[in-house]
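The values are calculated or read from the model by the stated rules, or taken from the named source; none is laboratory data. Everything quoted here is computed from the prediction, not taken from an experiment. Cβ sites come from the backbone with ideal geometry, for glycine too, and all protein chains shown count toward neighbours. Surface accessibility is based on the protein's heavy atoms, side chains included, excluding ligands, DNA and RNA. Shrake-Rupley method; radii C 1.70, N 1.55, O 1.52, S 1.80 Å.
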2 protein chains.
Amino acid sequence: MATGRNHRPATSRSRGIPEATVARLPLYLRALTALSERSVPTVSSEELASAAGVNSAKLRKDFSYLGSYGTRGVGYDVEYLVYQISRELGLTQDWPVVIVGIGNLGAALANYGGFASRGFRVAALIDADPTLSGKPVAGIPVQHTDELEKIISDNGVSIGVIATPAGAAQQVCDRLVGAGVTSILNFAPTVLSVPEGVDVRKVDLSIELQILAFHEQRKAGEEPAGEPETDTAPPAAPPAVAVQKRTGSGPDGDVPAVMPA
Amino acid sequence: MATGRNHRPATSRSRGIPEATVARLPLYLRALTALSERSVPTVSSEELASAAGVNSAKLRKDFSYLGSYGTRGVGYDVEYLVYQISRELGLTQDWPVVIVGIGNLGAALANYGGFASRGFRVAALIDADPTLSGKPVAGIPVQHTDELEKIISDNGVSIGVIATPAGAAQQVCDRLVGAGVTSILNFAPTVLSVPEGVDVRKVDLSIELQILAFHEQRKAGEEPAGEPETDTAPPAAPPAVAVQKRTGSGPDGDVPAVMPA
DNA sequence: TTCTGTGAATTAATTCACAGCG
DNA sequence: CGCTGTGAATTAATTCACAGAA
């Protein structure tokens, strides 16, 4: 799961919408937008929940934190809900975003269609490789890292996307934060440390796969017998001395990001 | 947040490790691997927790579900823990994975270094575009979608990654599942419907950005006054008639995936 | 004395189930 | 009636705080 948030009572005070609810609002919004495009005027909590992949009780509870936007006996007005959720998420305003690290992944992100659609605008692409400077990716010329601070402040960017290799991520993060960015979406497989007040969310392919593998393994040992138990390498003495050094498939460690910047 | 799981009591029965704990094991593993490479023999819960970005009480509680692998007064043996967590996650075995949809994103995933490292092996790259067939990406020749079923069964693949546009995702998903895949990592911005027993986790850039925007918005209306209130477009009558049709920035809807397959 | 392991307490999230509005 | 909105109940996750092993 992508996670994030720095800390803070997990629920943003103020109007106090639970974090779990916030994380689902984009799902509802997507389902609603699809309905809107098909010109469907209203939906019931049941229908919308099913389209969003959640159950209706949860959806109704989620909406109850936003207000009473439905009509009993009828359902929700699609257009109206789209607006209310967009506003709640802050999508009625424009969010300039910079992407740092323009490799395969950075390029994929830059080309992402759904990006521009919901209030997000790619204000700049930044990469440390000088040979990339000036080259357009997704129609936007790549700029050199040296310009980072200027780009952030000139464009009033508050959201940054890090798609660099793991080794460069913290450094890039520090510069982004130093320049005024307060929200970061991190694709590099590293834990970023940021000052209080800065939000970080991470997306990590490797973690997702590992979670799937965990469940996959359970499935395998399910029908056959009771204990799946051993399979390959032998354990090792608990806190005895050191076990064999973990060598093998080349340099891995804090694995390089999805792609070189 | 990447989320997923089909349903099931959220905690996998059997040894009953909480889902939230499973989701953190990969983080601990990464931190431990880094320590292992620096030949650090032991770590305290405090140090490891800090490296993984969680608090120590949580880490200790998480480890308690796996067993008592630490030594009081000392800490945890790094190598031993690496092995135990790897085994728990099912990483001591090899997981062949197929990636469907080889565009920018698919290519970035194929090139992902940390992929091969932790028990995952890219068994095949699949794309519907015949002009890509045979072309190598990250050293692996792309195969045509027609071969999908054969590839899955020949390689005993149980984990599939979908990196196609949203429109093709459900169809690809159905074919993967039909061919025997039981775990899916979905990068397309769609809710996939799968039969009982199949796990789906999703990674969605747009959702992550929207969550960040929500918090970002709160920050903005924090210091100034009490109510951030309005900013752009006007609300609309609640369940009156329909509001203005949401036109604008080109065809968006169920936005196309991060990249064309 | 140090740092793990874990019951107990607390807080968050989900689900139930139904009162009551349209 | 149908379907929302929401208190109450339930379940999961986190945090506290400390007994006890090394």
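May I ask you to derive the FRET efficiency for A:A20 and A:A179 from their Cβ-Cβ distance with R0 = 35 Å, giving the value to the nearest 0.05? Rounded to the nearest 0.05, the efficiency is 0.65. Centre-to-centre separation between the Cα atoms of the stretch A:46-72 and those of the stretch B:138-163: 38 Å.
With the label put 7 angstrom out from Cα along the Cα-to-Cβ vector, B:N55 ends up 3.0 nm from the copy partners, going from closest to farthest. Close amide H pairs (under 5 Å, H built 1.01 Å from N) link A:F120 with A:W95, residues at least 5 positions away or on another chain.
Using a 7 Å projection from Cα along Cα-to-Cβ, the label point at B:Q93 is separated from the same position in the remaining copies by 5.1 nm, smallest value first. Each residue, A:S44 and A:Y69, gets one label point 7 Å from its Cα in the Cβ direction; the gap between the two is 2.0 nm.
Position B:E147: other-copy label points at 4.2 nm, ordered by increasing distance, label point 7 Å along Cα→C-beta. Taking a ≥ b ≥ c as the square roots of the Cα gyration tensor eigenvalues, the stretch B:19-89 comes out rounded, since a/c falls below 1.5. Taking 7 Å steps out from each Cα toward its Cβ at A:S193 and B:E37 produces label points 1.8 nm apart. Model label sites at B:K61 and B:A220, defined 7 Å from Cα along the beta-carbon direction, differ in position by 3.6 nm.
Once A binds B, the 1.4 Å probe can no longer reach about 9500 Å² of accessible area, counting both sides. Per-residue Karplus couplings for the stretch B:58-71, computed as 6.51 cos²θ - 1.76 cosθ + 1.60 with θ equal to phi - 60°, are listed in order as 5, 4, 5, 5, 4, 5, 5, 6, 8, x, 9, 9, x, 10 Hz, Gly and Pro entered as x.
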